1. Of all residues in region 129-147, count the ones that are more than 17 Å from Trp197 (Cα to Cα) and among the β-branched types (Val, Ile, Thr).
2. Within region 1-36, work out how many residues are surrounded by 14 or more Cβ atoms within 10 Å (Cβ to Cβ) and outside any helix (DSSP H, G or I).
3. For region 48-57, enumerate the residues that are within 23 Å of Val3 (Cα to Cα) and open to solvent by less than 70 Å² (accessible area, probe 1.4 Å).
4. When you scan region 85-97, do you find a residue that is at pLDDT below 90 and either of a type in the set (A, V, I, L, M) or in contact with a Phe, Trp or Tyr (Cβ under 9 Å, 6 or more places away or on another chain) (or both), even just one?
5. Keeping to region 104-130, report how many residues are in a loop (DSSP other than H, G, I, E, B) and surrounded by 14 or more Cβ atoms within 10 Å (Cβ to Cβ).
6. Do the conditions hold for Gly105, that is, is it over 19 Å from the mean Cα position of the chain (by Cα) and small (Gly, Ala, Ser)?
7. I'm told Ser79 meets every condition in (1) modelled with pLDDT under 90; (2) buried (at least 18 other Cβ atoms within 10 Å of the Cβ) except one. Can you identify the failing condition by its number?
8. What's the number of the only condition in (1) open to solvent by 30 Å² or more (accessible area, probe 1.4 Å); (2) aliphatic (A, V, I, L, M); (3) in contact (Cβ under 8 Å) with a residue 24 or more places away in the chain that Val39 fails to meet?
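The values are calculated or read from the model by the stated rules, or taken from the named source; none is laboratory data. Note that the structure is predicted; figures quoted are calculated from it, not measured. Cβ atoms come from the backbone with ideal geometry, glycine included; neighbour counts cover every protein chain shown. Quick note on the areas: whole protein, heavy atoms, side chains included, nothing else; ligands and nucleic acids left out. Shrake-Rupley method; radii C 1.70, N 1.55, O 1.52, S 1.80 Å.
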Amino acid sequence: MDVPETRELSYFVAVAEELHFGRAARRLGMAQPPLSRAVARLERRMGVQLLERTSRSVQLTAAGRVFLAESRKALDAVSASVRRAQRAGRTDPKLTLVMKPNGDGGLLEPALRRYRRDPDAVDVEVVVCGIGEQAPMLRDGRADVAFLTAPYDDVAGFDTEALVTQDQVAVLPRAHRLAGRAALTLADLAGEPLPRWPGDDEHADDRLPPVRDTSQLMQLIALGQLVAVVPESMRRRAWPDVVCVPVLDAPPTAVLVAWPERTTSRAVAALVRACARAAETTEAAAGF
C-alpha cells in the first residue's frame, strides 16, 4: 500500500484516543461521516482491522494499539522536524533543555558553567516541566536536550548517556507504620497506594489524580493518601512531615542526558560533553 498521509494518521489517533467517532470529529473540527469513511478506507488499504465497532462502543484491536503508538511517534517526528528546522534557521541560535523538578541529579549548574566555555556553545533555555513531560517534549521538537530518568522515561528514538546512578527510597507520611524502619523491601510496600504517574497507570490507584509535579506528590504523601518509591535525590525536596527510607531491592535509577538520534548539532554535542564531564567531576569529588 502507499504510505498513509499525516492527515490520515491524525484522524486515526483522534478516534483511537476518544474511542468515539462523534467526539473525535468534534476534536478535529469536521463532520462524523467523512471521518468514519476515512478511517475505514485506511483499514482497507492497510488490510487490517484497527477498530472494533459496535452500535454502542469503539475499541482498539491489537493491531490498532500498535498502530496508535506508531502513529503518535510519526506525528511527533513530523512536528519535531518543523520545530527543529525553524530553530536551526534562527539568527540567534539557542538550545532548549528540559527537565522535571530535581531531575538533573545536581548536575545542571556545573554542566552549564562548563558548557559556556566551549567554543560551540550557544544560549541555553532551561524549561522545568511536569513529571513525565520531558521525553514527549524532546520527541516532538519542543526541546533539543533533556534530563531523563531510567528506567522510567521512554528513551525510544533518543541517544543517551548515563550521568548519575541512584538507589531508591520510599517516601512515607511521618505517621506511617513503616516510617521508623531503617530500610524496606518492595514486599513491605505491597498493597500500599502508589502514585499515578502521567502515561502509566499500572499498579496505581485510579481514584487519585495523576501526579505531575513534586509539590503535588509531597502533598498527597503528607496527607497519607499514598506512598512513593523514588530516586534518593528526592530527599533534598522532601517535606518535613514525610520520611525517606531506603528500599534495598528497588532497581537503581539513572539520570540520563538525552538528545534525538542522528543529531548533527555541534551545540548539542558540546552540551552533552559538558554534562558528562560535570558528572565525572562530581563523582571524583565524592570519592566514587
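1. 1
2. 3
3. Val48, Leu50, Leu51
4. There is at least one residue in region 85-97 that is at pLDDT below 90 and either of a type in the set (A, V, I, L, M) or in contact with a Phe, Trp or Tyr (Cβ under 9 Å, 6 or more places away or on another chain) (or both).
5. Here the count works out to 9.
6. Answer is no for this residue.
7. (2)
8. Against the list (1) open to solvent by 30 Å² or more (accessible area, probe 1.4 Å); (2) aliphatic (A, V, I, L, M); (3) in contact (Cβ under 8 Å) with a residue 24 or more places away in the chain, Val39 comes up short only on (1).
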